[in-house]
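To start, the structure itself, in structure tokens.
The values are calculated or read from the model by the stated rules, or taken from the named source; none is laboratory data. Note that the structure is predicted; figures quoted are calculated from it, not measured. Accessible surface areas use protein heavy atoms only, side chains included; no ligands, DNA or RNA. Shrake-Rupley method; radii C 1.70, N 1.55, O 1.52, S 1.80 Å.
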Amino acid sequence: MNVNFGLALKTLRSRAGLTQEQLAHLLETDATNVSRMERNLQAPAFRMLLRLPDALHTPLSELFREAEQ
């Protein structure tokens, strides 16, 4: 199983119509962190994982399902 969290995050962010800057604001971080997560250079902090469903308007399970594809 190949898990690509970064690509899944980028895909769902794009579907939600958000820029990295907008998502960063919703996650209370900066765009550099979002960029690093999308490139799989940084894992999201637990608090960010909890905020992702609201920010992306999608269940967290969808993020992980997308990451497994």
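Using only the Cα atoms, work out Rg/Rh for the chain, with Rh taken as the Kirkwood radius, to two decimals.
Value, to two decimals: 0.91.
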Take each complete run of DSSP H in the chain, measure how far its Cα atoms stretch along the helix's own axis, and keep only those covering 24 Å or more with mean Kyte-Doolittle hydropathy at least 0.5; list them. none
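If you stretched the chain out fully between Ala43 and Glu28, how much longer would it get, using 0.36 nm times the residue separation minus the C-alpha to C-alpha distance?
Details: separation 15, 0.36 × 15 = 5.40 nm, distance 1.53 nm.
Full-extension gain reported as 3.9 nm.
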Could you tell me what percent of the accessible area of the chain is made up of carbon and sulfur, with a 1.4 Å probe and every protein chain present? 52
